[in-house]
Amino acid sequence: MVDDTSGEAVSDEMLAKMEGIDEEQSSEQTAEQAAEQYNARKTTRKGLGADLQFPSASLDRAIAFAMEVFREGGSPDFVQVADALKFSPTGGTFITHKAATGAFGLIIAKKNKISLTPLGQRITQTDKSPQAKIDAFLSVKLFRTIYNYYKGGELPPVGGIEKYMISLGLTQKAAEHGRDIFLKSAKSAGLFDRDERRLVLPRGTTDSGSPSEAIEEQPEERKEPPDEQSGRSQNLGGQNKPRVSVTLCWKA
């Protein structure tokens with residue numbers, strides 16, 4: 001990955017800093033404070049809604065959360081999982097990680113109980129985990145759109161990714177946060193294992209397993225004809241820009 005200012009590859013340490021949540025602060029947050037932090041990150045452009053969402057924590061955090069659900073028997077309550085992760089069940093860190101794990105399609109949280117989805121069950125199994133990570137990453141519609149746009153080609157500096165996200169409808173602040181989560185999650189999914197400057201599928205995996213649809217609209221200079229064989233989404237005839245927002249996606 002290329003740094004926007006230096007042109008050098010982004011290190012693991014730099015990517016590790018690309019988390020939108022400050023762990024020390026969020027560990028002491030109440031649910032109300034977490035909601036306020038989320039609202040401050042929401043895109044404010046007129047006309048945008050919640051049709052497309054991206055998580056507020058990265059895929060590696062979501063996988064760690066799903067693994068604890070698995071270790072607690074596959075259907076524990078909130079307190080059991082929070083205790084295992086050493087979080088407060090009402091704190092901002094737990095709420096954010098639970099929401100992100102749901103956004104990646106790994107869990108369902110209902111009535112203070114958390115259950116693994118079929119994808120969540122696969123991601124906890126070593127032999128199925130590589131493909132499950134790709135499926136989880138691509139289950140986020142915005143991430144699939146960015147992946148389809150850049151896959152196989154060399155990625156631009158991080159600022160270029162932000163500009164593309166803004167062209168889809170995100171505000172600058174939302175794009176900065178989304179870019180951080182996107183890069184960290186792509187690394188967790190193994191998309192940088194073969195080439196740190198390109199989004200390349202790990203050997204033995206496919207990008208056709210996720211049912212999510214990408215955003216149809218792309219900038220003119222990179223727009224290509226629809227290709228059913230490649231799995232790219234079809235242009236639906238000049239509809240308005242897609243709606244994009246950031247959400248925590250949890251269920252009480």
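I need a count of the residues in the range 142-168 that are of a type in the set (Lys, Arg) and either surrounded by fewer than 16 Cβ atoms within 10 Å (Cβ to Cβ) or touching a helix residue (DSSP H, G or I) at 6+ places or on another chain (Cβ under 9 Å) (or both).
2
Among the residues of the range 78-94, which ones are outside any helix (DSSP H, G or I) and over 21 Å from Ile123 (Cβ atoms)?
Lys86, Ser88, Pro89, Thr90, Gly91
Looking at the range 95-129 only, could you name the residues that are touching a residue at least 40 places away in the same chain (Cβ under 8 Å) and assigned to a strand (DSSP E or B)?
Residues satisfying the conditions are Ile107, Ile108, Ala109, Lys110, Ile114, Ser115, Leu116.
Residue under question is Ile108, and the condition is that it be among the aliphatic types (A, V, I, L, M) and out of contact with any strand residue (DSSP E or B) (no Cβ under 7 Å at 6 or more places or on another chain); does it hold?
Criteria not met by Ile108.
Which condition number in (1) within 18 Å of Ala100 (Cα to Cα); (2) free of Cβ contacts under 8 Å to residues at least 40 places away in the same chain is the one that Phe137 fails?
Status for Phe137: all satisfied but (2).
Can you tell me which residue in the range 58-77 is surrounded by the fewest Cβ atoms within 10 Å (Cβ to Cβ), limited to those that are assigned to a loop (DSSP other than H, G, I, E, B) and modelled with pLDDT under 95?
If we take residues in the range 58-77 being assigned to a loop (DSSP other than H, G, I, E, B) and modelled with pLDDT under 95, then Gly73 is surrounded by the fewest Cβ atoms within 10 Å (Cβ to Cβ).
Checking Glu213 against (1) of a type in the set (D, E, K, R); (2) at pLDDT below 90; (3) farther than 15 Å from Gln53 by Cβ, which single condition isn't satisfied?
(3)
The values are calculated or read from the model by the stated rules, or taken from the named source; none is laboratory data. Here the structure is a predicted model, which means the values were calculated and not measured. Reconstructed Cβ throughout: ideal geometry from the backbone, glycine too, with neighbour counts over all protein chains shown.
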